[in-house]
Amino acid sequence: MSRKVLLIEDEPNIAEAIRFLLTREGWQVETHAEGADALQVIRVASPDLLILDVMLPGKSGMEILRDLRELEDMQGLPVLMLTARGQTRDREMAENAGVSRFMTKPFSNSEMLTAVRDLHAQATQS
Amino acid sequence: MSTHEDRPPSGARPSLFLERQSYRRRRLTDAARLLPFLGAALLAVPLLWPDDPNRQQAVPLSSAMFYIFACWVGLIVASLVFGFAARRMSAQDESKPGSDQWPR
Amino acid sequence: MATLNVLILVCLGYVVLLFGVAFAADRLAAAGKGAWLRSSLIYTLSLSIYCTAWTFYGAVGNAARSGLEFVTIYLGPTLVMISWWWGLRKLVRVGRSHRVTSIADLISSRYGKSNTLAICVTILAVLGGTPYIALQLQSITLSFSIFADADPSGLYREGSSVFWVAAGLAVFAILFGTRNLDANERHHGVVTAIALESVVKLFALLAVGAFVVWGVAGGVGPMMDRIDASEIGHWNVDTGRWTTFIFLSAAAFVCLPRMFQVMVVENTDEGHLRTAAWAFPLYLLLISLFVVPIAVVGLDIMPEGSNPDLFVLTVPLSQGNDWLAMLSFIGGFSSATSMVIVTAMALSTMVSNHVVMPIWLSTQGGSGSVSGDVRHIVLLARRISIAVIMALGFFYYRLSGGGAALASIGLIAFAGIAQILPALVGGLFWRGATRTGALAGLTVGFLLWIYTLLLPGMGGVLMPESVLHSGPFGLSWLRPQALFGIEGMDPMVHTVMWSLSLNTIAFCVASLLSFPSPLERLQAAQFVNVFDHSVAPRGWTGSVAQSEDLMIMTQRILGAGPAHEFFQAEAEKQGGRASLPEPTPAFLERLERELSGSVGAATAHAMIGQIVGGSSVSVEDLLAVADESAQLLEYSGQLEAKSAELTRTARQLREANTKLTQISEQKDSFLSQVSHELRTPMTSIRAFSEIMRDTDELSPEEQTRYAAIIHDEALRLTRLLDDLLDLSVLESGRVSLNVGDDTLRSVLDRAVSSTLAGTSKTLTVRRTKAAERIPLQTDLDRLGQVFINLISNALKYCDADEPELTISAHDVGGHVVIDFVDNGSGIPPGSRSVVFEKFARVGGDKAGGAGLGLAICREIMQRLGGEIMYLPGQGGAAFRVRLPLAYQQAAQ
């Protein structure tokens, strides 16, 4: 069974690093760098896990998450959010919007991978 | 029973009570103003007595004295009464700083 | 039979007692003790100086001659007293609140402080008072002579005894009337002595009366029979005289200087009038009670031709009751002395205040420099005045020969002094009364009184018989005792009727026709509406209470610390007995000076007067306060300006605060941006460095590629930090500019070549080099930095297939304008306003930079005295740089 992760991140270098790491874990990684059409992309890709940057061109990660949780079939999608701004206010907003896990850049690779594993495990259990 | 009806309902309209009090105070002042005129009138009465050199109908001096001293005593008593009333009035004024008939 | 020596000893003993009482009362009052000295009882008793020796002896004589007519003299004052509520109360309130010192002062004060009026009233009072004093001297002499006649030793000499009596009374009046100069003109010692004397005379008269009724006549019933049977046993009083005398005595009761002194000046509490209103009429009633019985018994038992004026003395003597006669003598002595002392005091106050002091001050030339030494002068003037008045009385007595002419002098004096009444009553109740009116009325009344009563009464010396009988120059309608041809009137009634009615008419008409001065009108309002203007003066609860009030007031003005220090120092100066100083004149003067430093002299004076004198503000005080208020108004104008300034400052502060808040928010968002810009490359660096560390099976290509990414991101970080530092230096204004000279062309050359070197992208730069030969004097490196930024932006963001950048320069009057226009799609209108903000980036491409470039450009251009702006409507992205040809320091 193939696990699919959708990575929405506008920094190409960061996207490349994550893709590299998750591919080695056995994930099928799709990337996208735009905020405006993110929802459509998610729906089309229908990933098992979503990794979402906050600062995106067109539409911020927060808005995307909020809109995503409005959709019925997206309630259970685990979302790992990444931000470079690192303010507690952002964390609160993200938790209110229904984030599954919140990480501040820069992160350690193992930390990120553990988070992805945990989220996936939880999602498959339930 | 009638005393109950005459009295204004206690506490219901305290202003009426105060007005009545100040009304009485004014009438008292009026009385004080009138007192000297009453005195002058009383002391003018002897002017009407017959002044008869033959001393037939003339008023005896003892009666005249009695009349004048009686008037005198009457005026003194009236003045005394008013004096005490005025004292009570000003005492009330002092105990009630709100009513400023005589400020301070 | 008591010898003359015993009599003289008793007299001296009595005088010593009076001295003692007066002295003790003064001491008590000075110590702030003896509240009973200011009781209504003392006040009422002091009023009884109305009953002089003329009353004590003369009433019986009058009754023996005219029956009940004597009682009119006591009925008039009774009517005045029972109308105290609207009469005397107002007089006393006015007198106290204006610190009036005498009746002359009151009249003068009411009519605009006119000293002319004061002098008129003073002359009138002295003319009326001198014979009155002579009358008292006569009564004492007469009573002495009664005892002397009975004394076989015959050492008595009339002339010298009168002299010594006059001298003794003068000494007493000087000692206790002018001992100190109290601002309120109150003399507790004298008043207390007078109260004692009034008790003595009442007791003496009552004793004689009781002796006559129960000792001689044998009870009330027999006494009444005896009265009716006597020659005065029927009512036969002249109606004109009855009415006139009641009116006259009422008028004199108010106008007599000595009555004014005890009734108004010595009044310490307005509330005393309440008691006096009934107690004084009662006193008069008691005084009059036994007059008729004594007269009737005297007429019965004394030999034909004996003087009825002395029945009070001679009836007990004739019955062999020496001690009663002695008591009676003391009573008469009391009546005479108390009247003489108070009259002398009152008249001396008037004479010194209104005659002597004005003259003395005018000889001093200007009153501005007069200091506290005036007090000595005033006291001296009063002492001399008392001596002179007593001497006048003495000489009047000697010249008139002490005959029967004196007997009628009491009523003559009454009629004279009553001329003040229209001016007084009009002044208190009619705002329209004027100085001219008062002067006219007084003059008319005064002249008529002299012409119709005083001169005819003094015999043929001053007025020839011919004038009396056929009028001056034969004008019969001007006959002194039958003016306008109306004959047959009693001379007294005639005088009172004409003088007072013409006085009143003159007063009213002149008042109506004249126009008062502003001061007069103010005073008129203050007097007539005294109950609206003044607060009820409180009773004196002792001087320490006053000190407390003063202390409280001083604290409010000076502050607690200085006030305490001042009062402490004053208390120590006074001997340090109490924690608070006594309100002595010296202390009050110093306090006033202290306060006037803070609130102005007039205000300080008025404030202290309010507390100490229980007096309201006088018009002069008011005028002075008005002056101070004008200054205050000016000051408050300044304050208003200051307040407006404060409001402005507050608004500026508010604006600054808003700005600071904005800046703080900007700073937060800036830090957040910086954090983001730093963390983003760091994330890549960390991720790839961990990958390279942890992953063994990386291909060499992957390793190279990842190392390149790490390198790029590290460079990006360095650039970002450089830009941040540059921007912070520029924004803080600490940047130092290296101003140099060069042409625009060479600056652009360097910028273009350095930007385009080492880049793979292509950009065609179009320039008109001829137009670029513009000499510049500015920081060339910084300007180059701006150009590089703009060119590299075009290089990075121009999305045309064949990117082109057109650079054109113009010289516009002292400024050079350089436009950078590319052929791309430009910047969307919504973003144009923010391109110069920090971290503002248009489009999704982040790789180029942190978004600080244009912000730095803007800062640089500001430093150089120029500007950079976006030019809309040029096809592509277009920026315009404008800067002065020569850099000016002021542009910073």
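The values are calculated or read from the model by the stated rules, or taken from the named source; none is laboratory data. On a predicted model such as this, the values are computed, not experimentally measured, just so you know. No Cβ is skipped: glycine too gets one built from the backbone with ideal geometry, and neighbour counts run over all protein chains shown.
Among the residues of segment C:756-784, count how many are part of a helix (DSSP H, G or I), out of contact with any strand residue (DSSP E or B) (no Cβ under 9 Å at 6 or more places or on another chain) and not aliphatic (A, V, I, L, M).
Step one: list which residues in segment C:756-784 are part of a helix (DSSP H, G or I), which gives C:756, C:769-772, C:780-784.
Checking which are out of contact with any strand residue (DSSP E or B) (no Cβ under 9 Å at 6 or more places or on another chain) leaves us with C:769-770, C:782, C:784.
When the remaining residues are screened for being not aliphatic (A, V, I, L, M), the result is C:769, C:782, C:784.
Result for segment C:756-784: 3.
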**Prompt:** Which one is modelled with the highest pLDDT among residues in segment B:54-67 that are more than 7 Å from chain C (Cβ to nearest Cβ) and outside any helix (DSSP H, G or I)?
**Reply:** B:Gln57
**Asked** Being within 25 Å of C:Arg89 (Cβ to Cβ), at pLDDT 70 or above and of a type in the set (Val, Ile, Thr), is that true of even one residue in segment C:495-509?
**Response** yes
**Message:** C:Thr755 - would you say it is buried (at least 16 other Cβ atoms within 10 Å of the Cβ) and among the polar types (S, T, N, Q)?
**Reply:** yes
**Residue within segment C:676-694 that is surrounded by 18 or more Cβ atoms within 10 Å (Cβ to Cβ), farther than 21 Å from A:Thr104 by Cα, more than 8 Å from chain A (Cβ to nearest Cβ) and over 60 Å from the mean Cα position of the chain (by Cα) present** = no
**Request:** Return the pairs, sorted by first residue and then second, in which the second residue is hydroxyl-bearing (Ser, Thr, Tyr), the first residue lies in segment C:84-111 and is closer than 17 Å to C:Val355 by Cα, the beta carbons are less than 6 Å apart, and the residues are 6+ apart or on different chains.
**Result:** C:Thr101/C:Thr349; C:Ser102/C:Thr349; C:Ala104/C:Thr122; C:Ser108/C:Ser114
**Asked** Any idea which of C:Phe333, C:Phe311 is in contact with a Cys (Cβ under 8 Å, 6 or more places away or on another chain) and either free of Cβ contacts under 8 Å to residues at least 40 places away in the same chain or in the same structural domain as C:Ile103 (by TED's automatic domain parsing) (or both)?
**Response** C:Phe333
**Asked** Would you say C:Asp742 is touching a helix residue (DSSP H, G or I) at 6+ places or on another chain (Cβ under 7 Å) and outside any helix (DSSP H, G or I)?
**Response** yes
**Asked** Restricting to segment C:85-102, what's the tally of residues that are more than 8 Å from chain B (Cβ to nearest Cβ), farther than 19 Å from C:Ser511 by Cβ and hydrophobic (A, V, I, L, M, F, W, C)?
**Response** 4
**Request:** Looking only at segment A:1-40, count how many residues are closer than 21 Å to A:Ala123 by Cβ and either exposed (fewer than 14 other Cβ atoms within 10 Å of the Cβ) or charged (D, E, K, R) (or both).
**Result:** 11
**Request:** Looking only at segment C:297-313, decide whether some residue is out of contact with any strand residue (DSSP E or B) (no Cβ under 7 Å at 6 or more places or on another chain), closer than 21 Å to C:Gly215 by Cα, surrounded by 24 or more Cβ atoms within 10 Å (Cβ to Cβ) and within 14 Å of chain B (Cβ to nearest Cβ).
**Result:** yes
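Take C:Leu737 and tell me if it is touching a strand residue (DSSP E or B) at 6+ places or on another chain (Cβ under 8 Å) and not in a helix (DSSP H, G or I). Let's see the steps before the verdict.
Working: touching a strand residue (DSSP E or B) at 6+ places or on another chain (Cβ under 8 Å): yes; not in a helix (DSSP H, G or I): yes.
Answer is yes for this residue.
Looking at segment C:811-829, which of its residues are of a type in the set (Gly, Ala, Ser) and either under 23 Å from C:Glu677 (Cα atoms) or in contact (Cβ under 8 Å) with a residue 60 or more places away in the chain (or both)? Give the derivation first.
Start the filter on segment C:811-829 by keeping residues that are of a type in the set (Gly, Ala, Ser), which leaves C:813-814, C:824-826.
Correct list: C:Gly814 only.
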**Asked** What single numbered condition from (1) part of a helix (DSSP H, G or I); (2) within 14 Å of chain A (Cβ to nearest Cβ); (3) surrounded by fewer than 11 Cβ atoms within 10 Å (Cβ to Cβ) fails to hold for C:Arg654?
**Response** (2)
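Restricting attention to helices (runs of 4 or more DSSP H) lying wholly within segment A:1-92, give those where 2 or more residues are within 12 Å of chain C (Cβ to nearest Cβ) and without any contact (Cβ under 8 Å) to a residue 60 or more places away in the chain.
Details: elements: A:12-25, A:38-45, A:61-70.
The helices (runs of 4 or more DSSP H) meeting that bar are A:12-25.
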**Fill in**
Taking segment C:714-735 and keeping residues within 21 Å of C:Lys838 (Cβ to Cβ), out of contact with any Asp or Glu (no Cβ under 6 Å at 6 or more places or on another chain) and within 14 Å of chain A (Cβ to nearest Cβ) leaves C:Leu715, C:Arg716, C:Leu717
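Name the helices (runs of 4 or more DSSP H) wholly inside segment C:112-216 in which the number of residues that are closer than 30 Å to C:Tyr451 by Cβ and at pLDDT below 80 is 1 or more. Walk me through how you get there before you give the answer.
Working: elements: C:115-150, C:158-177, C:188-210.
Helices (runs of 4 or more DSSP H) meeting the threshold: C:115-150.
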**Item:** Some residue of segment A:99-117 being basic (Lys, Arg), closer than 30 Å to C:Phe670 by Cβ and part of a loop (DSSP other than H, G, I, E, B)
**Value:** yes
